[in-house]
Amino acid sequence: MLFRSRMPIDNRAVTNWGRAQHAYEHYQSFIAAKPDKYALAFADLAFVKNFKGGSAFIDEPVATFAPKLRPYEDALRACADDTAFALTLSTVPDSDYIRVRDTITAFAALPEKPESDISGFGSSFASALLHFYFPLLVPILDKRALNGSGVPGLQVDRYNNVTNLLYLFPALIDNCRTRLQQNQQLTLRELDRQLFIEQLRTPPRS
């Protein structure tokens with residue numbers, strides 16, 4: 001597959017990506033210091049929120065937070081037990097790839113389920129959480145990554161927010177895998193930056 005030529009760079013996005021990288025490294029350090037790497041608490045979601053930014057609050061009531069967080073921890077541990085999750089996105093065997101992609105997408109879909117719907121923590125945040133534990137394998141679902149990838153079918157609302165993020169996640173994963181296979185020197189994090197800093201396409205955005 002040949003990809004379209006690069007769009008112009010968005011200088012503001014370059015600055016924002018660099019700032020977010022500091023938040024990225026803070027959470028990496030936090031995970032590395034955990035006695036139980038895959039045990040999750042509110043702090044984990046706060047680190048992800050700090051990395052992703054935005055104006056939303058994680059405002060799930062204390063009484064329901066722990067039960068709703070447990071499916072995320074269980075899914076992380078299941079991924080850690082899957083040997084394919086120790087590989088890079090470009091080197092997962094074709095025989096395992098669809099299963100791995102479906103598992104990644106299912107994790108990002110946890111916020112859509114009542115039992116794991118944590119208020120203020122959506123699918124993009126969930127994909128970022130999974131990425132931090134498997135940074136060589138899991139792309140971050142983000143409207144700017146979708147924009148930069150050129151994946152077709154983006155739908156936006158009147159505020160230019162992408163309304164079908166989760167639906168497009170499998171296509172984004174495919175796109176990232178192909179790009180990484182075409183350029184063996186490129187890391188997933190470097191690719192994320194390339195996609196993130198491109199100018200937003202118009203249309204679909206105004």
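Couple of notes before you dig in:
- Cβ-Cβ under 8 Å pairs, at least 6 apart or on other chains, segment 14-33 side over 16 Å from E190 (Cβ atoms), far side open to solvent by 60 Å² or more (accessible area, probe 1.4 Å) and in a helix (DSSP H, G or I): A23/N50; H26/N50; Y27/N50
- Pairing residues of segment 141-155 that are farther than 15 Å from S124 by Cβ and free of Cβ contacts under 8 Å to residues at least 24 places away in the same chain with residues that are of a type in the set (A, V, I, L, M, F, W, C) and open to solvent by 20 Å² or more (accessible area, probe 1.4 Å), at Cβ distances under 9 Å and at least 6 apart in sequence or on separate chains, gives P152/A171; G153/A171.
- Scan of segment 100-119 for residues that are more than 14 Å from A75 (Cα to Cα) and surrounded by fewer than 16 Cβ atoms within 10 Å (Cβ to Cβ), ordered by number: E112, P114, D117, S119
- Cβ pairs under 6 Å, 6+ apart, first in segment 116-130 and at positive phi, second open to solvent by 20 Å² or more (accessible area, probe 1.4 Å): G120/A56; G120/F57; G120/I58; G120/D59
- Scanning segment 41-88 for residues that are in contact (Cβ under 8 Å) with a residue 40 or more places away in the chain, surrounded by 13 or more Cβ atoms within 10 Å (Cβ to Cβ), not in a helix (DSSP H, G or I) and not small (G, A, S) yields I58, E60, L87, T88.
- Any hit, segment 18-35, residues being within 22 Å of A145 (Cα to Cα), part of a loop (DSSP other than H, G, I, E, B) and either among the β-branched types (V, I, T) or out of contact with any Pro (no Cβ under 9 Å at 6 or more places or on another chain) (or both): no
The values are calculated or read from the model by the stated rules, or taken from the named source; none is laboratory data. Since we're looking at a predicted model, the values are computed, not measured. As a convention, Cβ positions derive from the backbone with ideal geometry for all residues, glycine included, and neighbour counts pool all protein chains shown. Surface areas here come from the heavy atoms of the whole protein model, side chains and all, with no ligands, DNA or RNA. Shrake-Rupley method; radii C 1.70, N 1.55, O 1.52, S 1.80 Å.
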